[in-house]
Amino acid sequence: MPDPRPAQAAEREARQAAPDDWLETFARVGYAAKGVVYTVVGVLAVQAAFGSGGQTTGSKGALQEIASQSFGQILLGLTALGLACYGIWRLILATLDPKDKGTDAEGVVKRIGYAVSGLVNLGLAMWAARIVMQTGGGGGGSGSGSKQAMTAKLMSQPYGLWLVGIVGAIIVGVGLYHFYKAYRAKFMEKYKAGEMNRTERKWAKRIGQWGLSARGVTFAMIGVFFVQAALTANPSQAKGLGGAFRTLQQQSYGPWLLGLVAAGFVCYGVYCFSYARYRRFQTQTAV
């Protein structure tokens with residue numbers, strides 16, 4: 001009589017693979033949507049830097065720009081769906097822990113990061129969906145205005161100035177971590193290297209490093225803005241991505257500084273597209 005255990009083991013593996021495949025699809029669609037948003041943010045900022053139109057805006061401004069194009073409602077709807085997929089994937093990483101990060105200090109920090117990323121992207125998806133359905137217009141505010149409102153609300157709480165300062169310090173830390181990721185280039189370990197030729201791997205590394213460094217610059221600046229708001233007890237000091245871009249533009253050689261960082265955001269968009277195509281998603285692979 002044949003041993004049924006091999007067949008049972010194969011059936012278990014097939015059941016386990018299905019959720020992984022489902023999550024992988026969500027992640028790839030999400031990376032593609034992020035690629036669209038960051039590419040639009042970068043292109044608009046490059047145009048603003050060199051006086052050829054465009055604007056210094058963040059993710060919400062990019063979504064509004066998408067909506068204003070021909071067939072923009074359709075493209076924005078697809079982008080919203082992709083951002084929702086990405087947000088759900090990150091929340092699953094945070095709550096169900098399919099990557100087995102565990103509950104030690106390092107694992108908890110990573111899972112909190114997944115949760116924050118998931119909530120931010122779900123919020124963007126909902127905001128984009130409201131534009132598509134024309135039920136909320138521009139949504140609940142955008143850019144530095146929403147950051148200032150959030151800061152003022154935090155400051156009104158007990159120990160509010162400390163809370164704002166801590167938030168700023170954390171954001172600065174996230175920016176520094178982006179520089180570390182760019183320097184170490186460990187993101188290359190997550191590519192399906194066997195499906196890429198030497199030139200593709202070389203440019204994937206360069207583009208990823210540039211994109212991560214550009215995000216590091218803006219995260220660090222936004223964090224400093226929040227720290228300044230705490231030190232001066234002035235919520236108007238808090239600024240978002242658009243504010244960081246405008247601050248760069250106002251410096252000596254501002255157009256060139258803004259152009260370099262804006263081009264880095266385009267690179268980050270391309271990096272997201274490359275992850276949508278070539279990223280590995282094994283259960284034990286670090287995210």
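Throughout, read-outs are computed from the coordinates displayed, never taken from laboratory work. The shown structure was predicted, so the numbers you read here are calculated from the model rather than taken from an experiment. Cβ coordinates were reconstructed from backbone atoms using ideal geometry, including for glycine residues, and neighbour counts include every protein chain displayed.
Ranking of 189, 200, 65 by neighbouring Cβ atoms within 10 Å, starting from the fewest: 189, 200, 65.
Annotation note: chymotrypsin sites (Phe, Trp or Tyr not before Pro) in the stretch 144-222 located in DSSP loop regions with a Cβ neighbour count of at most 16 within 10 Å are 159. Radius of gyration over Kirkwood radius for the stretch 22-76, both on Cα atoms: the Rg/Rh ratio is 1.07.
Among the listed pairs 60/192; 34/110; 34/181, a Cα-Cα separation exceeding 26 Å is found for 60/192. Panel order for 151, 232, by other beta carbons found within 10 Å of each beta carbon, from fewest to most: 232, 151. Remark: the stretch 57-62, residue by residue, has Karplus-estimated 3J(HN,Hα) of 9, x, 5, 5, x, 5 Hz, where x stands for each Gly or Pro and the curve is 6.51 cos²θ - 1.76 cosθ + 1.60 at θ = phi - 60°.
For the chain, the residue among 228, 261, 58 whose Cα projects farthest onto the positive side of the dipole built from Cβ charges is 261.
Backbone phi angles across the stretch 120-133, fed through the Karplus curve with coefficients 6.51, -1.76 and 1.60 (θ = phi - 60°), yield HN-Hα couplings of 4, 6, 5, x, 5, 4, 5, 5, 5, 5, 5, 5, 4, 7 Hz in residue order; Gly and Pro are listed as x.
Nearest 10 degrees is fine. How inclined is helix 160-184 to the longest principal axis of the chain, computing both from alpha carbons? The two axes meet at around 60 degrees.
In terms of surrounding Cβ atoms within a 10 Å radius of their Cβ, 83, 119 rank from fewest to most as 119, 83. Grouping the Cα pair distances of the stretch 176-287 into 10 Å bins from zero gives a pair-distance distribution of 14, 36, 28, 16, 5, 0 percent in increasing distance order.
Distant-in-sequence amide contacts of residue 191, defined by a placed amide H-H separation under 5 Å and a gap of 5 or more residues or a different chain, comprise 280. For the chain, the longest principal axis of the C-alpha atoms and the axis of helix 5-49 are separated by about 20°. Calculate the all-directions average of the projected area of the chain's alpha-carbon convex hull, and give it in nm². Here the figure is 19.4 nm², rounded to one decimal. Within the shell defined by Cβ-Cβ distances under 14 Å, the residues around residue 218 carry a net charge of +4, with Lys and Arg each +1 and Asp and Glu each -1. Restriction of the trypsin sites (Lys or Arg not before Pro) in the stretch 148-221 to DSSP coil positions whose beta-carbon has at most 11 other beta-carbons within 10 angstrom yields 192.
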